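Read through the structure below, which is laid out as structure tokens, and then see the notes.
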Amino acid sequence: MAVPVHTQPMDSLSRRDTLKLASLIAMTPLAEAFALPPDAAGWTHDVMRWMQVAFTEDNPVNADPAYWFALFRRAHADGVCLSAGGSVAFYPSKLPLHHRAKYLGDRDLFGEMVRGCRDLKLRILARIDPHAMAQEVFAAHPEWAACTEDGKPRRHWAAPDMYVSCQNGGFMFELMPQVLTEVTECYAPDGFFGNRWNGAGMCWCANCQRQFRAASGFDLPRSNETDDAIMRAYAAWDKDRRWAQYTLWNDAVKKVKPDGFFAPNYGMNDPRAQMPMVTIDRQGRNGLVPTWMNGKYAKIARSVTGTLPVAGLFGVGYEDDAYRFKDSVQSRPEIESWVHAGIVQGFRPWLCKFNAKVIDPRWISTVEKIYNWHWRNEKYLRNTQNLARVALVHSLPSQALARAKYDAAQNGYCQALVEARIPFEFIDDRLLDQAGRFRVLVLPNVMALSGAQCAQLADYVRRGGRLVATGETSLYEENGKRRANFGLAELFGCDFAGKIDEAVKNSYLTLRPPHPLLRGLEDAPRVVAPSQQLHVMAHRSGLQPLTLVPSYPDLPMERLYTLEPETTIPAVFCQTVGKGRVVYFPSNLDRIFWDILQGDHLALLRNAVEWAADESAPLIVTGPGLLDIAYWRQETSLTAHLLNLTNPMALKGPFREIIPMGPFEVSLRLPAGTAPKAVRLLDAGLAAQYRRDGDRLIVAVPQVALHEIVTVDLAP
């Protein structure tokens, strides 16, 4: 009997499914956290440059392994990731339901590549992708397919002759452990890389319905679900299923090869997963994604992985929600700027090339250039510590609560710190016990904080730490329940008055100098107010440096005036608490900056961090243009990275050209007990001109094309 199927484009299905579910289910990559592993990672620490070749079904008749081996040599790759199986097998699998590539025949493409890479002494990860099922697999086991809300099997959105695999069914829990075992027994790769290993969206099949009901007592949530108890139950159940899946697969590998492992793309949101490496799959940018965003991804990953090696996947084609072009390529400046933005902030580059047949070869010289630069400078890219003193708190519960608001606030503060050239890191809110290494913590609309986290932050400030917070920070418990008052009210110097004005128009902030918060705005009587304003009650009387001018009509023009040009309504709270300092904006100042990029807002966001810090930054860069910067320590050296983002395409790609900028003066604070032996400019290949000024080095950098690194070799 024919089985009815449901077809729908993936982007449409995902949008509908995620309306109510995505924040808790973590269907999008950045909603996932990473494992919290030990620092020891074995050989994965040694691999600095990865290359991935994702085969297509026709590659067995048109791919030339020798071509790739030559490229791996020229690019000084240390590790490779090669497609083995899952949805499609690229080796002669003996498993009846492991679909062989259509044109594989008697060839063992995966095996040929493995043998050649072993000759080159490369580390090898076997790539598996099990998110789709071939027709013959579906015919044998229709219950393995994912289903839509009406219970119909889902055909694949892009390959309609295939079906989407259920992440909780037999394909994942019966067939895939056999695939991992077979590949390990036959080829003994160093490890496995799992792409789309956890499915492709929610599934409403009978198996998922039965499992969820048994675990929770509820029916599966629907796209219009509003019951928080059901949503929380689903999130917990889905996390348990992914842990069971990861454990099953990792154990299958280790049973054959004890030093092998399975590493899911993006890691795992479970501290029990002791993975030796993490990969972050952000292959390029689109829309209004700024180039510095790849560095942000690196920082967020590192906020929980510590010194664990983190590889940043990048592609050479184009991909967004509407388009995927894999067989043509981006411009050289666009690829270079995106990859270097990740390298600046600690990513190890991982080329992700789809199709082993090279159709458009223009990317090859670009990748070789990046990889050879990386290889020549490898000594100065083996970072052991980031020296930034400012950190943004990253909160998955807050992101889950209101992703759009949270992400916009975070991006706004990131943009402000990049423009202000303030080196910064991220710290995961689960690791606030490690906050002491930072001078300032920034909480951009970090809405959801537990009572214990609020206590940690209060203790951090009393001991001398500094906070800058915005919007609804601490107004919700970690489970999303709104509090009657801010969890950090004592630090903020105000109480929540129970009301939030959204989408406020034509409101302003009155500036009341003198105050360091208003530096650079001395001639401005008022500036644009944020679009979200929280009603608060101050703990103490007295004017703050910013007060609110309430909204008044912006049309008709004859009505464009206010009857309240002056108020005492505070729009910021700056205070000393214990040995620390706190700045709180009861508004979405960071989010409105991200929306309109108003320079006045940039000044306020920058000044808030600098007033709170009350110390000079460890790295200060003066000169023209837009730069992303970072300050690192290695075993025997220090490095200051300058990434030149001065480009009309900086906020909407792709770059057409690299526009050199300069000159710059770079001031580095030397860590206590260190002394410089030699100072060089890596990209220029020159000894640098520099001078000592107390505990700082002042270095002249004549020009930065794309990425210059000031290196300081330390005296023994």
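The values are calculated or read from the model by the stated rules, or taken from the named source; none is laboratory data. Because the structure is predicted, anything quoted here is derived from the model rather than measured. Ideal geometry is used to build each Cβ from the backbone, glycine not excepted, and the neighbour counts take in all protein chains shown.
Tabulated results
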| quantity | calculated |
| --- | --- |
| Breaking point among (1) farther than 22 Å from Gln345 by Cβ; (2) not small (Gly, Ala, Ser); (3) not in a strand (DSSP E or B), for Arg691 | (3) |
| For Asn644: the one exception among (1) under 22 Å from Phe426 (Cβ atoms); (2) touching a Leu at 6+ places or on another chain (Cβ under 9 Å); (3) surrounded by 23 or more Cβ atoms within 10 Å (Cβ to Cβ) | (1) |
| Selection count where residues are part of a helix (DSSP H, G or I) and surrounded by fewer than 24 Cβ atoms within 10 Å (Cβ to Cβ), scope the range 145-171 | 1 |
| Residues of the range 521-541 classified as more than 32 Å from the chain's Cα centre (by Cα) and not in a strand (DSSP E or B), total | 8 |
| Hits in the range 611-640 - residues which are in contact with a helix residue (DSSP H, G or I) (Cβ under 7 Å, 6 or more places away or on another chain) and closer than 20 Å to Leu443 by Cα | Trp611 |
| Flag if Met275 is of a type in the set (A, V, I, L, M, F, W, C), in contact with an Asp or Glu (Cβ under 9 Å, 6 or more places away or on another chain), part of a loop (DSSP other than H, G, I, E, B) and modelled with pLDDT under 95 | no |
| Residue tally, condition among the hydroxyl-bearing types (Ser, Thr, Tyr) and surrounded by fewer than 21 Cβ atoms within 10 Å (Cβ to Cβ), over the range 466-481 | 0 |
| Residue within the range 602-614 that is surrounded by fewer than 16 Cβ atoms within 10 Å (Cβ to Cβ) and either modelled with pLDDT of 95 or more or in the same structural domain as Gly315 (by TED's automatic domain parsing) (or both) present | yes |
| Cβ-Cβ under 6 Å pairs, at least 6 apart or on other chains, the range 506-534 side more than 11 Å from Ala603 (Cβ to Cβ) and aromatic (Phe, Trp, Tyr), far side modelled with pLDDT of 95 or more and assigned to a loop (DSSP other than H, G, I, E, B) | Tyr508/Ala529 |
| Selection from the range 325-381 of residues that are more than 17 Å from Phe655 (Cβ to Cβ) and hydroxyl-bearing (Ser, Thr, Tyr) | Tyr371, Tyr380 |
| Qualifying strands (runs of 3 or more DSSP E) (wholly inside the range 575-633; at least 1 residues being touching a Gly at 6+ places or on another chain (Cβ under 7 Å)) | 580-585, 627-633 |
| Selection from the range 681-716 of residues that are touching a residue at least 24 places away in the same chain (Cβ under 8 Å), loosely packed, with under 11 Cβ neighbours inside 10 Å and closer than 11 Å to Ser667 by Cβ | Asp693 |
| Wholly within the range 458-513, strands (runs of 3 or more DSSP E) carrying at least 1 residues that are within 29 Å of the chain's Cα centre (by Cα), among the hydrophobic types (A, V, I, L, M, F, W, C) and modelled with pLDDT of 95 or more | 466-470 |
| Residue list for the range 437-465, filter: without any contact (Cβ under 8 Å) to a residue 24 or more places away in the chain and either surrounded by 17 or more Cβ atoms within 10 Å (Cβ to Cβ) or among the β-branched types (Val, Ile, Thr) (or both) | none |
| Failed item, numbered, when Arg669 is tested on (1) within 30 Å of Arg332 (Cα to Cα); (2) modelled with pLDDT of 95 or more | (1) |
